[in-house]
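The structure appears right after this line, and notes come after that.
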Amino acid sequence: MDDLAGFLRTRRSRVDPSSVGIRADSRRRVAGLRREEVAHLSGVSVDYYVRLEQGRATQPSDQVLDALARVLGLDETEREHLSRLACQRRRAKAPGSRIRPELLRVLDLVAEAPAFIMNHRLDVLAGNRLAGLLFGRPVPGLNTARHLFLEEAERGLYADWEKCTLDVVGHLRLAVGQYPDDPRLASLIGELAMGSERFRRLWARADVRARTHGRKPYRHPLVGLLELHQENFGLPGESGMELVVLSATPGSPAEDGLRLLSSLGTENGDVEEPSVRARTRE
């Protein structure tokens with residue numbers, strides 16, 4: 001689904017030649033840098049770099065990867081992704097989806113903010129009551145990438161939809177680099193590519209993103225705009241899983257909105273236990 005050759009080609013095409021001291025004129029037909037330019041600036045032979053882009057070279061050294069990262073202007077996340085793609089050691093096995101009961105108790109403790117646990121495929125495995133109210137459905141079984149790209153009626157929930165799509169595609173690119181042999185991840189990517197033109201365009205760019213925190217606004221049909229802050233917590237010992245908490249600034253309209261949402265759920269007969277049951281399928 002992803003490889004070193006494709007990643008190098010897309011990164012090379014985005015580099016402005018003038019940023020690395022190469023004068024470009026109107027006759028230049030290549031977007032970004034040429035292969036031989038990347039090779040020269042990185043201190044490797046043209047033949048070796050060509051073989052890298054053709055997938056024929058052996059595992060490059062850390063020194064070569066560092067040089068390529070410098071020339072291609074990679075950030076830390078992209079550099080780590082490059083290293084994973086170049087690694088020829090045994091590939092990581094896709095983790096399972098079982099959640100320890102102790103983690104469900106942690107969700108029970110988060111009462112005033114939507115919180116859920118998701119895996120590397122962006123499958124929501126478990127969530128608290130407010131998470132279900134935010135998404136308007138039971139969250140176990142929800143895949144946030146599918147929800148974002150394929151469920152047109154739900155698109156309005158994401159107040160910053162275009163930004164969300166960039167984050168999701170960047171996350172899935174990282175997941176593919178980490179778990180390239182995961183058939184369910186491959187199936188999800190294929191489904192999204194078949195069903196969404198925007199996903200296809202973004203996927204072709206091969207951008208990677210590691211979103212660990214930041215602004216996440218929602219436009220809920222019952223309580224209006226909720227300006228929330230997202231924090232992603234990697235779960236030690238639970239490979240590929242993250243705890244996601246969407247909090248509101250104290251005293252803000254979003255905090256009032258979450259309180260209203262919680263009360264509306266109660267009035268509508270929402271008596272679901274604090275922690276929504278997790279999916280246990282492997």
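For Gln54, indicate whether it is surrounded by fewer than 15 Cβ atoms within 10 Å (Cβ to Cβ), more than 21 Å from Asp75 (Cβ to Cβ) and modelled with pLDDT of 80 or more. Yes, satisfied. Taking every residue in the range 108-133 that is part of a loop (DSSP other than H, G, I, E, B) and pairing it with any residue that is of a type in the set (Ser, Thr, Tyr), at least 6 positions away or on another chain, the pairs with Cβ-Cβ distances below 7 Å are Ala113/Ser247; Asn119/Ser97; His120/Tyr179; Leu122/Thr144.
Identify the residue in the range 191-206 that is closer than 22 Å to Ala159 by Cβ and of a type outside the set (A, V, I, L, M) and, among all such residues, is surrounded by the fewest Cβ atoms within 10 Å (Cβ to Cβ). Walk me through how you get there before you give the answer.
Pass one, the range 191-206, residues closer than 22 Å to Ala159 by Cβ: 192, 196-199, 201-202.
Still in the list and also of a type outside the set (A, V, I, L, M): 196-199, 201.
Working: Ser196: 19, Glu197: 9, Arg198: 15, Phe199: 22, Arg201: 11.
Checked the range 191-206; the qualifying residue surrounded by the fewest Cβ atoms within 10 Å (Cβ to Cβ) is Glu197.
Taken residue by residue, the range 234-251 has no member that is within 20 Å of Phe7 (Cα to Cα), within 19 Å of the chain's Cα centre (by Cα) and surrounded by 15 or more Cβ atoms within 10 Å (Cβ to Cβ).
One line per residue, one yes/no per condition, for (1) assigned by TED's automatic domain parsing to the domain that holds Ala206; (2) at pLDDT below 85; (3) surrounded by 15 or more Cβ atoms within 10 Å (Cβ to Cβ):
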residue: Gln59; (1), (2), (3): no, yes, no
residue: Arg70; (1), (2), (3): no, no, no
residue: Leu74; (1), (2), (3): no, no, yes
residue: Arg79; (1), (2), (3): no, no, yes
residue: Leu82; (1), (2), (3): no, no, yes
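Within the range 207-257, the set of residues being of a type in the set (D, E, K, R) and either in contact with a Pro (Cβ under 6 Å, 6 or more places away or on another chain) or not assigned by TED's automatic domain parsing to the domain that holds Arg184 (or both) comprises just one member, Glu227. Checking Leu142, Leu107, Leu166 one by one, the residue that is buried (at least 21 other Cβ atoms within 10 Å of the Cβ) and under 24 Å from Glu191 (Cα atoms) is Leu142 and no other.
The values are calculated or read from the model by the stated rules, or taken from the named source; none is laboratory data. Just so it is clear, the structure is predicted and the values come from calculations on it, not from any experiment. So basically every Cβ, Gly included, is an ideal-geometry build from the backbone, and we count neighbours across all protein chains shown.
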